[in-house]
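The values are calculated or read from the model by the stated rules, or taken from the named source; none is laboratory data. Model, not experiment: these values are computed from the prediction. When we count neighbours, we look across all protein chains shown, and the Cβ atoms used for this are built from the backbone with ideal geometry, even at glycine.
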There are 2 protein chains.
Amino acid sequence: MVTNSDEHGSDGPPLGFAHHDHGVCVSDALAAAEARCAAERLRFTPVRRKVLEILLQEHRALGAYAILDKLRDDGFGSQPPVAYRALDFLVANGLAHKIERLNAFIACVHPSRSHTPAFMICRLCDAVAETQSSPARGALGEAARATGFRIERTVVEAEGVCPACVDKADA
Amino acid sequence: MVTNSDEHGSDGPPLGFAHHDHGVCVSDALAAAEARCAAERLRFTPVRRKVLEILLQEHRALGAYAILDKLRDDGFGSQPPVAYRALDFLVANGLAHKIERLNAFIACVHPSRSHTPAFMICRLCDAVAETQSSPARGALGEAARATGFRIERTVVEAEGVCPACVDKADA
DNA sequence: TACTATGTGTGATTTTATAACATTCCCAAG
DNA sequence: CTTGGGAATGTTATAAAATCACACATAGTA
């Protein structure tokens, strides 16, 4: 699903390239995460919650050490494993994603049920937008079936220039 | 982690998970690379050639430091930039690819024409097969067009289990 | 209560990648 | 040929990303 609900902005661009009511966006997402963890009996601990909150507030891909700095500011442990463990939890449970191309992490935009995320990464401003993809249905899926490869997970990341930076470049 | 000691063909699935005549495979690929660099006036220097040869011989994704070890054995410089610069050249010119998921590099299987590579990565034996994809034609492309994002390059990596390991697991 | 799983804090280390700068090599202009 | 500039290489140092190992704390439960 590429379109946004009203509180996430009304027009075309998916989150990441679009303006929206951020306070609502963050608190909604945190509430949703909380509900989901409760439903699945996952422990949504303070560190994990804080890391998700940080990701939601920034609304772009953050490196583990950037997150760590913010954790330190909030009185949490300041050694790498603190951030990495929280991120592992969030990623494992679909609340955040790792952007392999950037070695960075971003909050999931539609953490609903399982999905196959794809990302558009602006090489000029580093903005990242999440969307959906079905790589297993195209040429890749065919190749996998042909060779007997069992796909469990896919990384799809498009690098390019976001709308805002295209405009700047054209100006 | 990505390093591997055993000689090609002895165990595990090689190129595209299929066996083949490796000597010919390597020398053909080197000749093709040489021809292509000549045609495009690129300098196919000894280090660059050696790195490509290493990648072709291993026929799997190798970390920069694993490559560096082999370079040292052959009397080349042994500091990271030596490997990274050669890899940058090979990647920039389509002779090799970086597997973001593994922070590792692999020789391109069909370096002839420009292409949009996709990879299948076995999480059990680390074998990597290259295939084609057209992510820009599917949901991702639509999302990009809808938002005005200009795609310049895509990373498509499927993680899963290769045919050989599926068999082993089933056995 | 005590037991056990899981989560957190911390120091140290490993792995991956780049910065900065000197030197060498290629090759074309003079 | 020789010389000057750009590209490639070599080397030292350091940055950035990720993991290991182990102690301690806390929640949930018998």
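A few notes on this one:
Let's see how each residue does on (1) at pLDDT 95 or above; (2) not in a loop (DSSP other than H, G, I, E, B):
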{"site": "A:Ala83", "(1), (2)": "yes, yes"}
{"site": "A:Ile106", "(1), (2)": "yes, yes"}
{"site": "A:Phe119", "(1), (2)": "yes, yes"}
{"site": "A:Leu124", "(1), (2)": "no, no"}
{"site": "A:Ala136", "(1), (2)": "no, yes"}
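- A count restricted to segment A:118-140 and to residues that are in contact with a strand residue (DSSP E or B) (Cβ under 7 Å, 6 or more places away or on another chain) and either polar (S, T, N, Q) or surrounded by fewer than 21 Cβ atoms within 10 Å (Cβ to Cβ) (or both) stands at 7.
- Members of segment A:84-117 found to be in contact with a Lys or Arg (Cβ under 9 Å, 6 or more places away or on another chain) and of a type in the set (A, V, I, L, M, F, W, C), listed by number: A:Ala86, A:Leu87, A:Phe89, A:Leu90, A:Val91, A:Leu95, A:Ala104, A:Phe105, A:Ile106
- Every residue from segment B:95-127 that is more than 27 Å from B:Lys168 (Cβ to Cβ), polar (S, T, N, Q) and within 13 Å of chain A (Cβ to nearest Cβ): B:Thr116
- In segment B:14-54, residue farthest from A:Thr147 (Cα to Cα) [restricted to those that are away from DNA strand D (no atom under 16 Å from the Cβ) and not in a helix (DSSP H, G or I)]: B:Asp21
- Output for segment B:25-46, where each listed residue is of a type in the set (D, E, K, R) and within 19 Å of the chain's Cα centre (by Cα): B:Asp28, B:Glu34, B:Arg36
- Residues of segment A:55-79 that are hydrophobic (A, V, I, L, M, F, W, C), within 12 Å of the chain's Cα centre (by Cα) and not in a loop (DSSP other than H, G, I, E, B): A:Leu55, A:Leu56, A:Leu62.
- Options A:Ala83, A:Ala92, A:Ala118: the member that is away from DNA strand C (no atom under 16 Å from the Cβ) and of a type in the set (Gly, Ala, Ser): A:Ala118
- Residue in segment A:142-163 that is exposed (fewer than 15 other Cβ atoms within 10 Å of the Cβ), outside any helix (DSSP H, G or I) and either aromatic (Phe, Trp, Tyr) or within 16 Å of DNA strand D (Cβ to nearest atom) (or both) present: yes
- Across segment A:95-104, the number of residues qualifying as outside any helix (DSSP H, G or I) and within 15 Å of DNA strand C (Cβ to nearest atom) comes to 6.
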